[in-house]
Structure formats: structure tokens, C-alpha cells
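Below: the structure, in C-alpha cells.
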Amino acid sequence: MNKFLLMALGCVWSVSAVAGIPVQFWMLDNGAKVYLMEVPGLPMVDFQLEFDGGTRRDNKDTQGLAQATAMMMSKGVQAQGMSAAFDENQLGEAWADLGAMASANASLDRMSLNLRSLTRPELLNAAVDLAARQLALPSFPADIWQAERERWIASIDESNTKPNVVAALAFSKAVYGNHPYGAEPTAQSLGRIDTRMMAQFHARYFVPCHAKISIVGAVGREQANELVERLLRHLPAGGSCALLPLIEEVHPLAEAKRIDIPFESAQTHVLIGQPGIPRQHHDYLPLIVGNYVLGGGGFVSRLTEQVREKRGLSYSVYSYFSPGQHAGAFTVGLQTRPDQAVQAVEVATKVVKEFVDGGPSELELQSAKNFLIGGFALRLDSNRKLMDNLSNIAWFDLPLDYLDTWTANVEKLTVNDIQQAFARHVQPERMVTVVLGPAP
């Protein structure tokens, strides 16, 4: 039976998902904010608990601490009441016996614990109880951390032999400067991290009043409320609810910067870009829709037409925005033959400048709208995709009807809206250009 449950949970569960699924919101007495989308078609439920403990909260000397803390939360839990302590293997076996799964991870902005379970009461209740322990009572075993740290450092060393990684690191550092978004763990920073620091980091940021909990699945509000209270019950009720320290914004680039990195590789790797916008910015939607025309639309984008189709300078060329709590990067990327690198950079930069100056044509914009609106349902066709959307609504404080109004807001965008948004936020004359590869 347990084997069947594990196979079932590993499947992609399709739902009859449309933007009409309402988002319910309420706040617990401890300050935690709860967002629920009821999807009754399948006997399963997903939880995503998020805290403001992402990698932007790392200190400069201990970069990697947030990721290490998240990773070590699955390596064992402390004893609690009549429940014995679990080591890593025992914890994994406990989840397998329930046919459920839980994992923690740290992104730039947030620390998350994800739980997925079937809704059969005996399974769901046991999964919530186990997740509550893993959330609040990780044991952070020092011997496991030493082994994981060695593997992590070896992985960093191996990654630094790859041209795309080296180029991306140089680009990120140049775009973000001293902002935490541009910081990366190193062997030196990981060497300074111990499990005591993880416990302190966990105690500081895993506080109920700072929690945002997203729930998607076959549970109603009353049951969801009871389950969330149980999930949070081992966290310290008296944790500090003071506002966390503010992190300064990403500074705009003052001037253009060119970085040439000699590297023995078959292709030259090119990255061009600058800081973009935070996710909450009102220009987010026109920039995303406009970028579909510029470089996000694959073979129908302007960059592909000019760089690949007309001149054969690259097999693939793309652009994207990666907004977060702060201004994420706007990036143009391509790979090309070393002897074509100069021309490829010139053409890509020219395409971006022309788009900023003139925006899309009416035909290009309508084609982008048709594709994005026509494919919108595919962004909501599984519990996992619904969770991704719901957690973004929760984390970025978007309107509860964001999904209901999305297609209408895209439809009413004009060429001028997009051109003006790009003119406000994209400055081709002040971009970082990273060129990594052999000398032409």
C-alpha cells in the first residue's frame, strides 16, 4: 500500500484548473498569514510554508548559511515528548511509510518548507505531525554537515570549470555589486559555517508571525486552519515579531561595463544585462509581455530573428527578467563561435536598443497576447503549478484575484505601455557585457 502511495504522489496530478478558483485568506492569532485554494478533485494536499530567511539574509562571511540550514533540516529531528529522535535515514523511512514527502529549500528571498500528502485522515495527520517536528526541531547533526560541506565544496570546484557557470558568476557580481543577490557560497565561506550558526539562523527567521502559508488541495478552510496551527505548534510562540532589518535595494548601473574572460571552450558565452525591477513593481506585466516579443518567445522573438535567422550567429539567443523582492536582473544571453562574438554582441545590443526606443509592433504585441493568454490555463493545470502561483500571491502581497484578472490585464496592454515601461527600466547604454571564451 505504501509503495502505491509513493507512486501516486510522484505523479503529476492534473486538475480542472481555471483562474476561477478563489483564493481564501486569513490570519492566525500568532500572526501567520494563510492562503488557501480548494481543489477537491483529488485526495491530496500541498503546503508551502515560507519565511523571510533566504540567501539575502546571509552575512558576507558566511554565504551559504541559509542554503545549508535548509539542506540540514532533512538530516534529522530532535526527540519531542513521547516521540523519539530521528536520524536522516529514520526520517526518510518515516516519510516513505506515510507515502508523503517534505523538503526545505532557500532561494534568494525566502526559506520554504514544502509538504505533500494524501488527505486520508490517518496519513495526513501523521504527515502534518512529522512536518511540524522537521520544521521546528531539526537536529543539525555536525558529522552530517561535515560530509555535506565537503561534497558542496567539491561541487563548487567542479562547477567553476564550466564556462556557463563562470560567465554567470561574473555577470551576477557585475550587475548586483555588493547587494546580496550577487553573493555566492565559496569554499572559504562554507568553511566558516557550523551547525550552531544554523540553529541560530533557524531560531531567528522561523517565527510564526513572519510565516506565509500557501495550501492547495482537497481541504476546506476549517480543516486547513487546524492543520496549519498544528504545523506551527512547535515553533516558539514568543518569537520576535519585530520587523526584520531592511536590505538596501540594488543600485542602478552608473555606466556600461565590459568583462572579457579568457576561457578554453568551444563556444563563446555572452551575457548582457543590468538590474531590472522588483516583482511588486506596477511595470512587471508590460515588461514580461514585451519581453516575449524581444527575446522570451523562442523562435518568434526579435533576438532570434536578427541573431539566429538572419545572420546565423547563434543557435539560441534569449532574454528574460528575474524580479524578486528586490530588482532582479534583466538578461540577454547567447553562445556563438569565437570569431563571431564581436558581431553577435553588436547585433544583440542593437536589437535591445531598437526595442527600447520603439517597442513592439501592433502585430507582434497581438501575437504575444494570443500566445500568453491562450497558454494561461497550462500554468494552472496541476497542484504544483497552482502552488507556484499561490505562493507568489502570498509572498509578494499580490491581489487575491490576481489570477482572475491576469488575462484581462494582459489584453488591455498597448504598444505604448510596453515601450514606456522598457524606456523606464532598460538602459542599453549602461549594461554589463560579459564575454567568455577563447580569443577570436
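The values are calculated or read from the model by the stated rules, or taken from the named source; none is laboratory data. This structure is a prediction, so every number in the text was calculated from the model and none was measured. Methodologically, a virtual Cβ is constructed for each residue, glycine included, from the backbone with ideal geometry; neighbour enumeration extends over all protein chains shown.
Side notes on the structure shown:
- Every pair of residues 6+ apart whose Cβ atoms lie under 6 Å, when the first sits in region 387-414 and is over 16 Å from Tyr284 (Cβ atoms) while the second is modelled with pLDDT under 95 and of a type in the set (A, V, I, L, M, F, W, C): Asp404/Ala19
- Region 20-79, residues that are touching a Pro at 6+ places or on another chain (Cβ under 9 Å), part of a strand (DSSP E or B) and surrounded by fewer than 20 Cβ atoms within 10 Å (Cβ to Cβ): Glu38
- Checking each residue in region 225-234 for being over 25 Å from the mean Cα position of the chain (by Cα) and of a type in the set (A, V, I, L, M) picks out only Leu227.
- Of all residues in region 370-412 being over 16 Å from Phe25 (Cα atoms) and of a type in the set (Ser, Thr, Tyr), the one that is surrounded by the fewest Cβ atoms within 10 Å (Cβ to Cβ): Thr405
- Test: residue in region 355-376 that is farther than 16 Å from Leu287 by Cα and in contact with a strand residue (DSSP E or B) (Cβ under 7 Å, 6 or more places away or on another chain): no
- Every pair of residues 6+ apart whose Cβ atoms lie under 6 Å, when the first sits in region 300-314 and is more than 13 Å from Glu364 (Cα to Cα) while the second is surrounded by 14 or more Cβ atoms within 10 Å (Cβ to Cβ) and basic (Lys, Arg): Ser314/Arg308
- Selection over region 77-100 of residues that are under 13 Å from Ala132 (Cα atoms) and touching a Phe, Trp or Tyr at 6+ places or on another chain (Cβ under 7 Å) gives a count of 1.
- Residue in region 347-367 that is within 21 Å of His269 (Cβ to Cβ), surrounded by fewer than 20 Cβ atoms within 10 Å (Cβ to Cβ) and not β-branched (Val, Ile, Thr) present: yes
- Qualifying positions in region 132-163 - of a type in the set (Gly, Ala, Ser) and in a helix (DSSP H, G or I): Ala132, Ala136, Ala142, Ala147, Ala154, Ser155, Ser159
- Only one entry of Ser83, Ser107, Ser117 meets the criterion of being farther than 26 Å from Lys212 by Cα, touching a residue at least 12 places away in the same chain (Cβ under 8 Å) and of a type in the set (S, T, N, Q), and that entry is Ser83.
- Helices (runs of 4 or more DSSP H) within region 166-278 that include 1 or more residues at pLDDT 95 or above, among the small types (Gly, Ala, Ser) and under 30 Å from Ser382 (Cα atoms): 221-232
- Test: residue in region 346-369 that is touching a Phe, Trp or Tyr at 6+ places or on another chain (Cβ under 7 Å) and farther than 30 Å from Gly312 by Cα: no
- Single condition Gln267 does not satisfy, out of (1) closer than 26 Å to Val23 by Cα; (2) touching a Lys or Arg at 6+ places or on another chain (Cβ under 8 Å): (1)
- Looking across region 80-89 at every residue that is surrounded by 13 or more Cβ atoms within 10 Å (Cβ to Cβ) and not charged (D, E, K, R), the one that is nearest to the chain's Cα centre (by Cα) is identified as Phe86.
- When residues of region 418-434 are limited to those that are aliphatic (A, V, I, L, M) and assigned to a strand (DSSP E or B), the one surrounded by the fewest Cβ atoms within 10 Å (Cβ to Cβ): Val432
- Yes/no for Asp339 being of a type in the set (Asp, Glu) and in a loop (DSSP other than H, G, I, E, B): no
- Only a single criterion out of (1) within 21 Å of Ser391 (Cα to Cα); (2) touching a strand residue (DSSP E or B) at 6+ places or on another chain (Cβ under 6 Å) is not satisfied by Gly76, namely (1).
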